[in-house]
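For reference, the structure discussed in these notes is given below.
All of the numbers you see were taken from the coordinates with simple rules; none came from a lab. Bear in mind the structure is a predicted one, so any value in this text is a computation, not a measurement. Here Cβ is always computed from backbone atoms with ideal geometry, including for glycine, and neighbour counts include all displayed protein chains.
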Amino acid sequence: MNYQYPVKSIVIAGGGTAGWMTAAKLSHHFANTDIKITVVESSEIGTVGVGEATIPTLRRFYQSLGMDDMEVMSKTNATIKLGIEFKDWFKPDTSFIHPFGVFGHDANGIRFHHYWMKLRDMGDSQPLEKYSLGIALARANKFTFPAENPASPLSIFDWALHFDAALFATLMREHSLANGVVHIDAKIAAVNLHNHSGFIESLTLDDQRNVNADLFIDCTGFHGLLIADALKTPYVDWSQWLLCDRAMAVQSELVGEPAIRTVSKAHTAGWQWKIPLQHRQGNGHVYASHFTDEAQAEEILVQHIDGKVLHSPRKFKFIPGRRAQAWNKNCIAIGLAAGFLEPLESTSIALIETGIEKICGSLPTPFFNEEKIDYFNQVTATEWERIRDFIILHYKANQRDDSEFWRYCRAMSVPDSLQQKIDAYYDHGDLLHYPWEIFHPDSWLAIYSGFNFYPQHYNKNVDRLNVNYLKQSLAQMRTSIAEAIAGLPTHQEFINQHCKMPRV
Ligand SMILES: Cc1cc2nc3c(=O)[nH]c(=O)nc-3n(C[C@H](O)[C@H](O)[C@H](O)COP(=O)(O)OP(=O)(O)OC[C@H]3O[C@@H](n4cnc5c(N)ncnc54)[C@H](O)[C@@H]3O)c2cc1C
């Protein structure tokens, strides 16, 4: 029977980034209804709060709430992120950038990299990155808004933010409260299930109050109080491919101008991030506990921080993977309660956004049924698997020979879905792109080429183009990129002019 469960009240358990983003968006979505939305969180428990790097989808998210880029940046101490620089991932002393943008121009229905590969096969030594405006801006630490005119060379990049996650959660919270969301600061002491259906009936708080709802959103982070503890939803463990299972994070003073990219530097059993904000820098070491220990990991982290360290590192343990059903009965997990891959490529907040979008898509009218639950779970699983594959590629493609960790990653077998993509690229330069992929083909290209992994053959239709014409066109692209960035402001000048956070 396809029973329709009505939704007249929603309780969001947890008030971290996930909880308040969910409240902000759902309060918009249900603005003209009498659905009651309540957030229950405990200020005594606190949040993870280290998600400081984002991808461009975040901007679409807050724009959909009516917020504008410069407003968000000036309220969250944010800097611009044009992509990620990967230092030493391919081999020690190497660097490449994964930009938010495209490489070159496709022509005659053939992707740009095939043209580039033809010249490379002929001995041309210009690296692929010379055809990315995003990378040119990132290396020069310069910025301007992308041009609206698609013919302009300044139209072919995108950007995201590095921000203070606690301030962003505050912004989401203010927005939610202004939209009528009810806020309860109390500890959830018990989750009460219906005897027969197993649905969640209510939460008992530590002040003995009971909070009822038709639909519960579990945003309690790694605790997974509702989805895991109460509903016993199994966890899909991906640690055979994603070996990093520990992290430590620490803030430091900012030295010099903030970089316009996240820096990810490979170490012997993991990697370290540097995320600059307007007033400080976030740092963290993500590592595999099977290949190193906490003391060593901390030593490496601190050794590679430029400025004065501001506190002792916060430590995190996690199992890379996802909840088998993100939606179980009348409970949907969003954020860390739904799972965590690892911090690489900043996908966790992006998955919060897509999770929330799917809730809105599932509830155009305030009813749900088994069919909607199944579809939600199927799409969520696919989305997570696509991202998982993208992250695994970063480890699999390495050519480092200095530690057991990197040799293991290189030799490990990967999921079939990833192997299929790697094979298609290696055989014919095809960049397969499936529904529900967050990372577009140019992102995959950035990673393949960053690891010097090239196809055996380019598309032979490229040979129809006159070689001299091809050489001139590519030279012209390089020149337009260099000219486009020449007079632009530096990242710091841009911040000073448009979005400096007032100091109190
Ligand atoms: C080391 C590390 C680095 C990361 N870096 C990035 C990054 O760069 N980019 C990115 O996109 N993501 C990153 N993430 C992920 C990101 O931090 C999370 O996706 C984001 O913070 C959302 O967390 P959350 O809201 O799900 O959980 P939390 O922040 O843990 O919030 C949980 C909430 O539940 C409440 N709660 C828990 N138990 C109870 C209870 N019993 N009663 C009442 N309330 C309760 C807490 O009070 C809190 O409000 C990183 C994660 C880690 C661990």
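Report the dimensions of region 89-247 along its three principal axes from the alpha-carbon atoms, largest first, rounded to Å.
73, 42, 35
Using unit Cβ charges (K, R positive; D, E negative) and no other charged atoms, how large, in debye to the nearest 20, is the dipole of region 246-317 about its Cα centre?
Charge dipole, region 246-317, about its Cα centre: 240 debye, nearest 20.
As an exercise, find the ratio Rg/Rh for the chain from alpha-carbon atoms, using the Kirkwood inverse-distance average for Rh.
Reported Rg/Rh (Cα atoms, Kirkwood Rh): 0.98.
With unit charges on the beta carbon (Lys/Arg positive, Asp/Glu negative), name the residue among Ala295, His267, His279 whose Cα is farthest towards the positive pole of the charge dipole of region 246-317.
Farthest towards the positive pole: His279.
I need the peptides 87-98, 383-394, 229-240 ranked by packing, meaning the mean over residues of other C-beta atoms within 10 angstrom, with the highest value on top.
383-394, 87-98, 229-240
With +1 on each Lys and Arg Cβ and -1 on each Asp and Glu Cβ, how big is the dipole of region 305-360 about its Cα centre, in debye rounded to the nearest 20?
340
222 nm [θ] for the chain, helices only, -39500 (n - 2.57) per DSSP H run of 4+, per residue, to 500?
Dividing the helical sum by the residues of the chain leaves -10500 deg cm²/dmol.
Provide Rg and Dmax in Å for region 294-426, with only Cα atoms included in the calculation.
That works out to 18.9, 56 Å for Rg and Dmax.
Dipole of the chain (Lys/Arg Cβ +1, Asp/Glu Cβ -1, origin at the Cα centre): which of Phe494, Asn377, Thr220 lies farthest to the positive side?
Phe494
Filter Lys81/Lys471; Lys87/Lys142; Lys8/Lys358; Lys91/Lys315 down to the pairs with a C-alpha to C-alpha distance above 24 Å, please.
Pairs exceeding 24 Å: Lys81/Lys471; Lys91/Lys315.
Work from the charge dipole of region 394-504 (Cβ charges, +1 for Lys and Arg, -1 for Asp and Glu, about the Cα centre) and give the residue of Phe453, Tyr395, Ala482 farthest towards its positive end.
Going by the Cα projections, it comes out as Ala482.
Check each of the GluC sites (Glu not before Pro) in region 74-160 and keep only those in coil by DSSP with at most 10 other C-beta atoms within 10 angstrom; list them in order.
Hits after loop and neighbour filter: Glu148.
Take the Cβ-Cβ distance between Asn461 and Glu148 as r, set R0 to 25 Å, and report the resulting FRET efficiency rounded to the nearest 0.05.
E between Asn461 and Glu148, to the nearest 0.05, is 0.20.
Taking the C-alpha atoms of region 246-317, how large are the radius of gyration and the largest Cα-Cα span, Dmax, in Å?
Every Cα atom of region 246-317 included, Rg and Dmax give 11.7, 37 Å.
Using a simple charge model, +1 on the beta-carbon of Lys and Arg, -1 on the beta-carbon of Asp and Glu, nothing else, what dipole does the chain show about its Cα centre, in debye to the nearest 20?
The dipole magnitude comes to about 580 debye.
Count charges around Ser64 for me, please; just the other residues with Cβ under 10 Å from its Cβ, Lys/Arg as +1, Asp/Glu as -1.
Net of charged neighbours comes to +1.
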